[in-house]
1. Compute the angle between helix 99-114 and the longest alpha-carbon principal axis of the chain, please, reported from 0 to 90 degrees and rounded to the nearest 10.
2. Based on the mean of other beta carbon atoms within 10 Å per residue, what is the order of 77-87, 158-168, most packed first?
3. Which net charge results when you count Lys and Arg as +1 and Asp and Glu as -1 among the other residues whose beta-carbon is under 12 Å from that of K45?
4. Can you work out the accessible area per residue across the chain, with the rest of the protein chains kept in place, probe 1.4 Å, in square angstrom?
5. If I model a spin label at A134 and E90 as a point 7 Å from the Cα along the Cα→Cβ vector, what separation in nanometres do I get?
6. As an exercise, use a Förster radius of 45 Å and the Cβ-Cβ distance of S52 and S163 to find the FRET efficiency, rounded to the nearest 0.05.
7. Expressed as an acute angle from 0 to 90° and rounded to the nearest 10, what is the orientation of the C-alpha long axis of helix 65-82 relative to the principal long axis of the chain?
8. Counting only residues 5 or more places away or on other chains, whose amide H sits under 5 Å from the amide H of I91 once H atoms are built in the peptide plane?
Amino acid sequence: MLVISKENKINEEIRDKELRVIDENGEMIGIISREEALALAEEKKLDLVNISPNAKPPVCKLLDYGKYRYDLQKREKEARKKQKTMQVKEIRLSTFIEDHDIQVKATTASKFLKDGDKVKVSLRFRGRERDHTARGREVMDKFAEICADVGVVDKKPTFEGRSLTMFLAPKPEK
């Protein structure tokens, strides 16, 4: 596929004396002077676009530059439309959370994972709760076990200051 950037010169911007010219069908015309190439482009009502400025002599192609730019923008827009952006959603737990509350939060996390988002699970230790870090890890493991059917542990539980954080990612589709 032909890739033309904003640095490519078109028509009168091209300053080289001799050019290797390719017509609109991709067939080689040959090495001709700049004036002949511009006259040929004008005759066919097309633009002369320098597609390879570093070659000796530079390679130019006859094409409808406006239509090409339009098609390129259309393709880029279509690619952006199909692209899925992954967000990171956060679920907060506490050290002495009840089983039912874990279930409710796991259900919410499962919805996020099914939508294709990552989930950051954080558990904050307050005051004397810091003495019960083992209990915090148990809560995290239980949460990961409940979400195992829709997600996998992306990053194991680690301490970040007073918090224990873990990341869950959606399970890869087979």
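The values are calculated or read from the model by the stated rules, or taken from the named source; none is laboratory data. Remember, it's a predicted structure, so these values are computed and weren't measured experimentally. Ideal geometry is used to build each Cβ from the backbone, glycine not excepted, and the neighbour counts take in all protein chains shown. Areas reflect the complete protein model, heavy atoms only, side chains present, ligands, DNA and RNA absent. Shrake-Rupley method; radii C 1.70, N 1.55, O 1.52, S 1.80 Å.
1. 10 degrees
2. 158-168, 77-87
3. Net of charged neighbours comes to -3.
4. On the way: 11900 Å² over 174 residues.
For the chain, the solvent-accessible area averages 68 Å² per residue.
5. 3.0 nm
6. Once the sixth-power term is evaluated, E becomes 0.25.
7. Orientation of helix 65-82: about 10 degrees from the principal axis.
8. Distant-sequence amide H within range of I91: K120, V121, S122.
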